[in-house]
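Notes for the one structure printed next.
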Number of protein chains: 2
Amino acid sequence: MTSPIRPFPRKLDRKAGVIDLGHGAGGRATAQLIDGIIRPAFRNPLLDAGNDQALFPAPSGRLVMTTDSYVVSPLFFPGGCIGDLAVNGTVNDLAMGAARPLYLSCGLILEEGFPIADLVRIVDAMAAAADRAGVTIVTGDTKVVERGKGDGCFVNTTGLGQVLAAVDLPPSIDRARPGDAILVSGPIGDHGVAILSQREGLPLKTPVRTDSAALADLVAAMVAAVPDIKVLRDPTRGGLAAATNELAWGSGVGVELQEAAIPVRPAVDAACELLGLDPLNIANEGRLVAVCAPDHADRLLAAMRAHPDGVDAAVIGQVVEDERRFVRMVTPLGGTRMVDWLSGEQLPRIC
Amino acid sequence: MTSPIRPFPRKLDRKAGVIDLGHGAGGRATAQLIDGIIRPAFRNPLLDAGNDQALFPAPSGRLVMTTDSYVVSPLFFPGGCIGDLAVNGTVNDLAMGAARPLYLSCGLILEEGFPIADLVRIVDAMAAAADRAGVTIVTGDTKVVERGKGDGCFVNTTGLGQVLAAVDLPPSIDRARPGDAILVSGPIGDHGVAILSQREGLPLKTPVRTDSAALADLVAAMVAAVPDIKVLRDPTRGGLAAATNELAWGSGVGVELQEAAIPVRPAVDAACELLGLDPLNIANEGRLVAVCAPDHADRLLAAMRAHPDGVDAAVIGQVVEDERRFVRMVTPLGGTRMVDWLSGEQLPRIC
């Protein structure tokens, strides 16, 4: 399918060119950028129609909508870049609503002087990630700000998804009850450590790659096994500590975690030791936390472990009664300590 | 309705406080910012649920989705600010799909040091504009970047709308045919001149305010009169010149505009004279261009003029056959000149 809007020969220098203010002005250069790079990368009939809005038949049932802006620094890091992160992150926020992701939008804010070659890498990574997640990027917008008024490339993705038909009561942060089991889908801290190791030039013996991945397929397998998952949350900014505290506050309960049960890669543990960080506070981009009734925990765990994105899943704790809404960690020796939210900034611009 | 997530007393200083990196870290300070300022401003049950995604029943029929990031500078200008602009602009992109706007997302990228009082003004303006447009802000995200890596506040809004039931074939940029009439809903250039006069401190005799407004209600009135509107486009970045050139390219036609018929306020004309600009290239944020069959033009014009947002509407030209897809302007003396896209950057960060 050919785009109806192709007024100019493509004059973009994809190898050595840089973004200038004209690329954001809405005129000739904007059309060249959109038509030469962005539209071809995301190519699909809805986008190719060339309108400022995408048109599609309404899906049936219940929808979820979510948005995230991505400002990660550096833009490229071990195992990924801001492009696939921006697709996976928003797909995951849809999946945490027990939804199948359908459509994404893509809003770019580029800084004057940004290399066009880097933009090509980013949109290509977005397109590949969208393909893998089965989601279509149907509409977009690109703005350019002057040098020193941005930081290379910021990406916003907003997603629309359809709640899986098997779900009766969708997962929600207020549905955890004392006795419920808490599960995590895999080792925590990989994404944050990957970013930090790149940023700080850490000489890690075992390189740590981001865990960035789309979890919608894992969630579909989980829902097939246990339709009534009470809470789903991806522990991104603030890590597992923030996710469990949100859970405690959202549901008016306490949380008790078993330290020995929480999967952490040795390389991540080592890096955290070196940096004086706690893996509990570190962002993940391909992990989820699930809460279900105690009777459903074995079935849910088995379904997670049977899926490639959940092979290292584990039950890590339980919901308890606690009016103070505390999250406590039981250590291997039987002691307990509080798991608090991070109060300041430990790891800026991790996602 | 009370938000379920309220773990902390509100300690934000709404008058003298500034954004710091902790407000974007996903921990305690983030929750304070979201819960103390953003959620209360947009207050609605979907947002109050405290989940990372909004859940709602699927509307029937056909949907449209659109996204825009707003990087306007300055953030506050005569008649508006980035907040209402971000709501109106995205509502208008939905309306240009002949859709009733339903839901918006709000993605904020704040710069460290940004005054919280300014953030309050912006989100309050967003809430008021959303109220006026009958749209609900159902999900959001807030990121913070280091000082010097942003420019105060960038806003992304993404919208979901439902195509009006009376519409059979929705408007699309490829539907203009020779003979069709081209209409504009009001005087052009107000928004761009308002921004520029603020930016440059121009001593205008008559102050020019932005035309920023939500056009969904006007479009509903237009569709009620003429269900088959062929093209709807809001002439934002690049102005009327870009909008008509996109039309020509999208539909494979020529465009002939009558200069004397295009409404421009005297104050805008005077400011353009002073600045060496052409009102045709200047961004509008509350105007639309419509194309309809010649037989429908009178009815459409009457419907526009009967609506408060279209009182100065005019037929400004017609679609003609032209393989070169040129946009030509007929001057009052009967001469013609080409109306080209702007090729470089004339007015950076106008929206």
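Please go through region A:35-46 and give me each residue that is within 11 Å of chain B (Cβ to nearest Cβ) and open to solvent by 20 Å² or more (accessible area, probe 1.4 Å), ordered by number.
A:L46
Could we say that A:D309 is in contact (Cβ under 8 Å) with a residue 60 or more places away in the chain, more than 14 Å from chain B (Cβ to nearest Cβ) and touching a Cys at 6+ places or on another chain (Cβ under 9 Å) here?
So A:D309 fails the test.
Cβ-Cβ distance below 7 Å, separation of 6 or more or different chains: which pairs start in region B:173-192 with a residue that is among the polar types (S, T, N, Q) and end on one that is open to solvent by 10 Å² or more (accessible area, probe 1.4 Å)?
B:S185/B:R287; B:S185/B:D309
From (1) closer than 16 Å to B:G161 by Cα; (2) of a type outside the set (A, V, I, L, M, F, W, C); (3) in contact with a helix residue (DSSP H, G or I) (Cβ under 9 Å, 6 or more places away or on another chain), pick out the condition that doesn't hold for B:T90.
It is condition (3) that B:T90 fails.
Could you check region B:252-265 and list, in sequence order, the residues that are more than 24 Å from the chain's Cα centre (by Cα) and open to solvent by 20 Å² or more (accessible area, probe 1.4 Å)?
Listed by number, the residues that qualify are B:G252, B:E256, B:Q258, B:E259, B:A260.
What is the one condition in (1) buried (at least 23 other Cβ atoms within 10 Å of the Cβ); (2) part of a helix (DSSP H, G or I); (3) within 12 Å of another protein chain (Cβ to nearest Cβ) that A:V87 does not satisfy?
(3)
Working only within region A:324-337, note down all residues that are open to solvent by 80 Å² or more (accessible area, probe 1.4 Å), away from chain B (no Cβ under 13 Å) and in contact with a strand residue (DSSP E or B) (Cβ under 9 Å, 6 or more places away or on another chain).
Answer for region A:324-337, where residues must be open to solvent by 80 Å² or more (accessible area, probe 1.4 Å), away from chain B (no Cβ under 13 Å) and in contact with a strand residue (DSSP E or B) (Cβ under 9 Å, 6 or more places away or on another chain): A:P332, A:T336, A:R337.
So, in region B:138-172, exactly how many residues are at the interface with chain A (Cβ under 10 Å from one of its Cβ atoms) and either more than 16 Å from the chain's Cα centre (by Cα) or surrounded by fewer than 24 Cβ atoms within 10 Å (Cβ to Cβ) (or both)?
So the count comes out to 19.
In region A:60-80, how many are open to solvent by 10 Å² or more (accessible area, probe 1.4 Å) and touching an Asp or Glu at 6+ places or on another chain (Cβ under 9 Å)?
Final tally of qualifying residues: 6.
Taking B:G26 and the conditions (1) buried (at least 24 other Cβ atoms within 10 Å of the Cβ); (2) assigned to a loop (DSSP other than H, G, I, E, B); (3) at pLDDT 95 or above, which numbered condition does it fall short on, given that it satisfies the others?
That leaves (3) as the condition not met.
Among (1) within 7 Å of chain A (Cβ to nearest Cβ); (2) among the acidic types (D, E); (3) over 22 Å from the mean Cα position of the chain (by Cα), there is one condition B:D93 misses while meeting the rest; what is its number?
The number of the failed condition is (3).
If you go through region A:266-292, how many residues are open to solvent by 10 Å² or more (accessible area, probe 1.4 Å) and among the polar types (S, T, N, Q)?
1
Which pairs have Cβ atoms under 7 Å, sit 6 or more apart or on different chains, and link a residue in region A:236-255 that is within 7 Å of another protein chain (Cβ to nearest Cβ) and part of a loop (DSSP other than H, G, I, E, B) to one that is of a type in the set (S, T, N, Q) and open to solvent by 10 Å² or more (accessible area, probe 1.4 Å)?
Cβ pairs passing all conditions: A:G238/A:N281.
The values are calculated or read from the model by the stated rules, or taken from the named source; none is laboratory data. For clarity, every value in this text was computed on a predicted model and none was experimentally measured. Cβ sites come from the backbone with ideal geometry, for glycine too, and all protein chains shown count toward neighbours. We work out accessible area using only protein heavy atoms, side chains counted, and drop any ligands, DNA or RNA first. Shrake-Rupley method; radii C 1.70, N 1.55, O 1.52, S 1.80 Å.
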